[in-house]
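Structure, as structure tokens:
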Amino acid sequence: MKVLMTGDEAVARGAWEAGLSFASAYPGTPSTEILENIAAQYGKDIVAEWAPNEKVALEAAIGASVLGGRALAAMKHVGLNVASDPLFTVAYTGVTGGLVVVSADDPGLHSSQNEQDNRHFARAAKIAMLEPSDSQEAKDMVRTALELSERFDTPVLFRMTTRVCHSKSTVELGERLVEKRIPYVKNLRKYDPVPANARRMHVEVEARLARLADFGESSALNRVEMAGTAVGVISAGIAYNYAREVFGDDASYLKLGLSFPLPMNLIRSFASKVEKLYVVEELEPFMEGQIKAAGIDCIGKEKVPICDELDPDVLRRAIFGIEPKVIEYDAAEAAPRPPVLCAGCPHRGFFVELRKKKNVVISSDIGCYALSGNPPLNAKDFAFCMGGGFSVAHGAQRLVDKFGGGERLVGVMGDSTFFHSGITSLLEAVYNKSNTILCILDNRITGMTGHQQNPGTGFDLCGEATEITDIEAVVRALGVKKVRTIDPLDLKATKEAINWAIAEAEVSAEAEGSAGAVGHEHRGPTIIITRWPCALKQYSEADLEEFGPLSEVCKVDLEICIGCKACVKVGCPAVVFDFVANKSGIDASQCVGCEVCLQVCPQKAISVGRRSNVR
């Protein structure tokens, strides 16, 4: 039977068919749907879990592999940075049951802070790498990856990209293999990478890499498609499909499914049969550099762009100078539409008040609240990586304090980010007696990636009830004395909490500069925890009990409204402005009755009433 599947759905299906036993991940676009589909479709056969971060996801998968089960860990490309520590070590030890590490890269930065090319991880860690180009290959190659993992005693990097993850193509379904567990035998020589063992392991890794290269020379994962001899193209992944469309049927192709280690003899043979050789790959010249280093002449990044996502139009322009046909329009008439916080977002009220404070520098993190830097909020100053919001703020405040600057650093991160790597970031600030203001914006779910559960929501990946991790209790357990939890939609309470935190931070600064301040009770970070569900979240029974239903909607009295635009400046997409009538209005279909606009209106022209549909 054939069905239409995204690449992520196909990976989930392939994992099931391959007899996978365990899967773990931290959600991150474009990889998120892999674990969601494993849990939803195949959860009866595969243990599927969300992990607090990518490092522990891979570590859990390693544990399942060592004890003899087939295991998979999935993450987006920046997540592999977090998981690189265990990845490089398991590359030395090898596996028992097959182990696949999915890296979903994001050329074009559709939802990411950088455009790194994770193929380099395979080369750096000296492990095999497979790259599917469509959903059928995504399904089939998962099984192949697990088989190669067991055959060559190595983790396998399964490199996907956004287009493969989210595009759909037909997939022929198969049956599930009989799940098996390879018996575990204690073997410290293999699984204890102390220096004495690791030195020997490195030698074995190099020998394994040579065997993998030999395997790739004749593997069906790498195939030659000969046509004409004028032009040959070497490619892999989604770029292969683009190349086929641009170069057409008259060119010859070497499609690489096992893209590391490269089958250099096969490449050399292919190159000898064509007059001109192109290497088409997204982002870095990963294959091109190795091919040229082997003395094989080819055309690559001197033509193909190194930045941004490829597509047939980009490739056609780069290779042949052919411009795509587009609809002509006046760009000056197109209104800029930067992404904004959703209508009713609980983060909005917090930033509405925080942005009013002078001399405040906001160190953000990765999440919905990162949109606070866009107009009209204009709040955020900078952000770098998951969990870095607090530790970057701490370092910045130390610099300010050292040079006598007046800036007050405020670190911001969400609940899922706090569990991901923010706890250690907070520990850094506590341990070093930082006088920063650190804010945890708890919207009761992992918001930006699509409402996945986390340790603070009370449910696991499969929807089963579990222990709720109390953020305030964790903060206090780390030694923080100054903590307040507030409703961020209450602007008065939010303003008071921010003023309190700034005052406490100033006391900490004074204590830091006092000769007798050692052990002073005020030293250390001040914490604000905002607690209100994401406006798009499906409320649980606990949410309804604590926060009540979304039963209200705001509306504007046009007789009272004077068109001052104070409500517009909160940046809520439900608030609209009629420039002809010079009046504000509210789109009831988007409004959730958060009342932030009501609280900022100086004319009291906004009121709240019950909506007809209550969830």
When the Kirkwood hydrodynamic radius is evaluated over all pairs of different C-alpha atoms of the chain, what value in angstrom, to one decimal, is obtained?
26.9
Two-site label geometry, His451 and Ile306: point separation in nm, points 7 Å out along Cα→Cβ
4.3
For the stretch 236-246, 3J(HN,Hα) per residue [Karplus equation, 6.51 cos²θ - 1.76 cosθ + 1.60, θ = phi - 60°, Hz, x = Gly/Pro]:
7, x, 5, 4, 4, 5, 5, 4, 4, 5, 7
Straight-distance crosslink candidates among lysines, where the alpha carbon sits under 19 Å from Lys292 and sequence neighbours closer than 8 are dropped
Lys255, Lys273, Lys276, Lys301, Lys303
Counting only DSSP loop positions in the stretch 422-505, the GluC sites (Glu not before Pro) whose Cβ has at most 14 other Cβ atoms within 10 Å are Glu464, Glu467
Rh by Kirkwood over Cα pairs, then Stokes-Einstein D for the stretch 532-615 at 1.306 mPa s and 10 °C, µm²/s
117
Extension length gain for Glu204 and Ser607 (0.36 nm per residue less Cα distance), in nm, is 137.9 nm
Using only Cα atoms, what Kirkwood radius does the stretch 342-491 have, in angstroms?
15.8
On the accessible surface of the stretch 256-399, probed at 1.4 Å, how many percent belong to carbon and sulfur atoms?
55
Just to be sure I follow: if Rg is taken over the C-alpha atoms of the stretch 1-101 and Rh is the Kirkwood radius over the same atoms, what is Rg/Rh?
0.96
Pairwise FRET efficiency - Asn432 versus Glu147, Cβ, R0 = 45 Å, nearest 0.05:
0.40
Roll a 1.4 Å probe over the protein chains and send me the accessible area per residue for the chain in Å².
43
So how much accessible area does Cys564 have, in Å² to the nearest 10, using a 1.4 Å probe?
60
Could you derive backbone 3J(HN,Hα) for the stretch 296-309 from the dihedral phi with the Karplus parameters 6.51, -1.76 and 1.60 (θ = phi - 60°), listing whole Hz in sequence and x where the residue is Gly or Pro?
9, 6, 7, 10, x, 6, 5, 10, 7, x, 8, 10, 6, 6
What FRET efficiency do you get for Glu217 and Ala124 if R0 is 35 Å and r is their Cβ-Cβ distance, rounded to the nearest 0.05?
0.95
Computed from the beta carbon distance with a Förster radius of 56 Å, FRET efficiency for Leu188 and Ala335 to the nearest 0.05 stands at 0.30
Tilt relative to the chain, helix 54-66 - C-alpha long axis, 0 to 90 degrees, to 10
40
Using θ = phi - 60° and the Karplus relation 6.51 cos²θ - 1.76 cosθ + 1.60, list the HN-Hα couplings for the stretch 21-35 in order, rounded to whole Hz, with x at every Gly or Pro.
9, 9, 9, 9, 6, 10, x, x, 5, x, 9, 3, 5, 4, 5
At 0.36 nm per residue, and after removing the present C-alpha to C-alpha distance, how many nm does the segment from Cys462 to Thr485 gain when stretched out fully?
5.4 nm
Ala230 paired with Val580, simple spin-label distance in nm, labels 7 Å along Cα-to-beta-carbon
5.9
Using 0.36 nm per residue, how much length does the chain from Glu559 to Phe384 gain when fully extended, once their Cα-Cα distance is taken away?
58.4 nm
If the stretch 415-455 were replaced by its equivalent ellipsoid, with semi-axes equal to the square roots of 5 times the Cα gyration tensor eigenvalues, what would those be, largest first, whole Å?
24, 10, 6
Dipole of the chain, Cα-centred, from +1 at each Lys and Arg C-beta and -1 at each Asp and Glu C-beta, to the nearest 20 debye?
840
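The values are calculated or read from the model by the stated rules, or taken from the named source; none is laboratory data. As the structure is a computational prediction, the values presented were derived from the model and not from experiment. Please note: Cβ atoms are built from the backbone with ideal geometry, for glycine as well, and neighbour counts cover all protein chains shown. Remember, those area values only see protein heavy atoms, side chains included, never the ligands or the DNA or RNA. Shrake-Rupley method; radii C 1.70, N 1.55, O 1.52, S 1.80 Å.
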